[in-house]
Amino acid sequence: IRLWTILGTKVWSTNKLKMRSLAGKTLCIVGGSGYVGKGIARHAVSLGVKTISWIDQVEWVRGNAMNPSTFDESLKKSDAVVHLVGTLIDTSIRKNKKPGDEGTYEQMNRDAAIAVANRLVEVHPAPKMVFMSASRAPPFIKRYLTTKEEAERHILSLPKMHAVILKPGFIYSAKDRWWSVPIRYGCTLWSSSFGRVYENIKTDSVLKKPLSNFDVDQAIALEDITVTALAAAFETEFDGRRLTNTEMRMISQRFEVFGYAGK
């Protein structure tokens, strides 16, 4: 697992609807080598470059998310941790592993996040964690979501922990993954059409449970995720909340309206 440590950035204050300086602050991204992690890191660094003229502020650190003591120093010096480790198709599907074995949803989507959260509470006097969960599961793979939800509940229950849960739908980016754009429109079309039908089915109907496998949330832009992750990491008003697609878009839109410092 790779970690990104991002130094000296700036982020928007939602209370005053403007940017405020976070020079000298540190953001640690667990699982930062992935698609979303790189997007958050780029965004944080770009803010730093524009406002305090820092460049090349990404420090790579190796560690094991299942054994967070291997990167204690990164946890201790970070003002916030963004946890992104997870898997979409686990080894129980690809390699016929048993639930809980290496590479399964239980390990990747739940246990890794719980291990990092527990360690953060132990070593940091004011732990702050942003956890990337999800709003829906792939068809017929409920464990993808239920394991993330188990991690959510544990993280939010920890004493001293200031946690924010992000629950996006499919994340798309025309710049980084051009092929995700058609999927975005497919998600939007399916969500708006099937969603109306599904919502009108009574809870006690025999159709409700099997049809839930096809319930899809609308897609969300990577840019909305990166803005929200930084705001959630360095603001307190989101603490203890689970943020939906709609809420994350609103945060991003408000940020864009007021712009970066110096605009």
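Derivation of every value follows stated rules applied to the coordinates shown; laboratory data play no part. Since we're looking at a predicted model, the values are computed, not measured. Cβ sites come from the backbone with ideal geometry, for glycine too, and all protein chains shown count toward neighbours.
Here are the numbers for the structure shown:
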read-out: Cβ crowding within 10 Å averaged over residues, with 182-189, 219-226, 147-154, 87-94 ranked highest first; value: 219-226, 147-154, 87-94, 182-189
read-out: Total lysine pairs whose alpha carbons fall under 25 Å of each other in the range 106-248 (8 or more apart, or interchain); value: 15
read-out: Kirkwood Rh, angstrom, the range 59-146 [1 / mean 1/r, Cα pairs]; value: 13.9 Å
